[in-house]
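K.L.:
Quick one: the structure is below, questions incoming.
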Amino acid sequence: MGQMMGLPFIFWLVFTAFDFGNIDQVFAVLGLLGIVLTISRWKNKVSITILSFIMMLSPIVSKMIQVPIEKFNYLAFKIPLILFVACYLIFIILNAKKRKPVVSL
């Protein structure tokens, strides 16, 4: 418990991205690309934010499938994950509302 917290997970992403031959390399690269898309100039496009969100969640989902779910049953993992998902979904919704054209008669 406690091994999947934020900072160690970022280090895991970076090191695994360069670990050739590892199946987790695909998910690590996707996660890093998602982070890069989030800080890019295209971050306010709804399709890019949704794609970035999915890419950043892919390594977490991969780990949750590979490792028994009991290993993730602690608040130091659940609270940041729930906050990340909730805040990013709010970000996507706000971007969608901002981009939605207003039709006037």
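K.L.:
Are any of the residues in the stretch 65-73 open to solvent by 80 Å² or more (accessible area, probe 1.4 Å) and of a type in the set (Asp, Glu)?
P.N.:
Among the residues of the stretch 65-73, at least one is open to solvent by 80 Å² or more (accessible area, probe 1.4 Å) and of a type in the set (Asp, Glu), which makes the answer yes.
K.L.:
While we're on this one: Filter the stretch 12-53 down to the residues that are surrounded by fewer than 16 Cβ atoms within 10 Å (Cβ to Cβ), hydrophobic (A, V, I, L, M, F, W, C), in contact with a helix residue (DSSP H, G or I) (Cβ under 9 Å, 6 or more places away or on another chain) and over 24 Å from Ile90 (Cβ atoms) and list them by number.
P.N.:
Val14, Phe15, Phe18, Ile23, Val26
K.L.:
Now, a different point. Output the number of the condition that Ser62 fails; it satisfies all remaining conditions of (1) open to solvent by less than 40 Å² (accessible area, probe 1.4 Å); (2) modelled with pLDDT under 85.
P.N.:
Status for Ser62: all satisfied but (2).
K.L.:
Looking at Thr49, is it in contact with a Lys or Arg (Cβ under 9 Å, 6 or more places away or on another chain), among the β-branched types (Val, Ile, Thr) and modelled with pLDDT of 85 or more? Before the answer, list the steps.
P.N.:
Working: in contact with a Lys or Arg (Cβ under 9 Å, 6 or more places away or on another chain): yes; among the β-branched types (Val, Ile, Thr): yes; modelled with pLDDT of 85 or more: yes.
Here the answer is yes, as Thr49 does meet what is asked.
The values are calculated or read from the model by the stated rules, or taken from the named source; none is laboratory data. Keep in mind the model is a prediction, meaning the values are calculated, not measured. Cβ atoms come from the backbone with ideal geometry, glycine included; neighbour counts cover every protein chain shown. Surface areas here come from the heavy atoms of the whole protein model, side chains and all, with no ligands, DNA or RNA. Shrake-Rupley method; radii C 1.70, N 1.55, O 1.52, S 1.80 Å.
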